[in-house]
1. Answer with one residue from Ala22, Tyr42, Ala101: the one whose Cα lies farthest towards the positive end of the charge dipole of the chain, charges on Cβ with Lys, Arg +1 and Asp, Glu -1.
2. Over the stretch 3-106, what is the relative contact order in whole percent, taking alpha-carbon pairs under 8 Å and six or more residues apart?
3. Based on the Cβ-Cβ distance from Thr69 to Ala101, what FRET efficiency comes out when R0 is 35 Å, to the nearest 0.05?
4. So, for the chain, what is the accessible surface per residue at a probe of 1.4 Å, expressed in square angstrom?
5. Using every alpha carbon pair in the chain, what percent of pairs falls into each 10 Å bin from 0 up to the bin containing the largest distance?
6. Using per-residue counts of other Cβ atoms within 10 Å, averaged over each peptide, order 93-106, 60-73, 8-21 from highest down.
7. With θ set to phi - 60°, apply the Karplus curve 6.51 cos²θ - 1.76 cosθ + 1.60 along the stretch 65-76 and write out the HN-Hα couplings as whole Hz, x wherever there is a Gly or Pro.
8. Run the dipole for the chain about the Cα centre, Lys and Arg Cβ at +1, Asp and Glu Cβ at -1, nothing else charged, and hand back the magnitude in debye, nearest 20.
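The values are calculated or read from the model by the stated rules, or taken from the named source; none is laboratory data. Worth saying up front: this structure is predicted, and the values here are computed from it rather than measured. Cβ sites come from the backbone with ideal geometry, for glycine too, and all protein chains shown count toward neighbours. All accessible areas refer to the heavy atoms of the entire protein, side chains included, with ligands and DNA or RNA removed. Shrake-Rupley method; radii C 1.70, N 1.55, O 1.52, S 1.80 Å.
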Amino acid sequence: MLILNAAQFGALSGPSFLTQIAVRPDTIPGPSGPQTGTYRLYASTTSRSVAGMSTTFADNVGTLVFDGTVTDSTQNLPGPGNKRHFDIVTRFTTPFLYDPAAGNLV
């Protein structure tokens, strides 16, 4: 589970459909090559703080945005500082309408 602070979405001018999530590899190289897994991804909005997420899973579940198998791979390209590029992308099968004014993204 992950809560993203609404302040990180300052580029949005209002409610917007989120259609994918992108993550980046760790700075320490992990397993190389494509990784395949089956996932269910949910998205929701919460008034809870980033540090105050409920430890009860059911309190944090929202809209199912992806349910299936993903094969992730990365070019592991350097980004700013010691970070990497956000190039591990999972496209949602159901877009999620997110409004940063309504709270943080779960």
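1. Ala22
2. 48 percent
3. So, using R0 = 35 Å, E works out to roughly 0.50.
4. Accessible surface, normalised per residue, equals 67 Å².
5. Using 10 Å bins, I get a P(r) of 13, 38, 38, 11 for the chain.
6. 93-106, 60-73, 8-21
7. Coupling constants for the stretch 65-76: 10, 7, 8, x, 9, 10, 10, 8, 8, 9, 7, 6 Hz.
8. Charge dipole, the chain, about its Cα centre: 140 debye, nearest 20.
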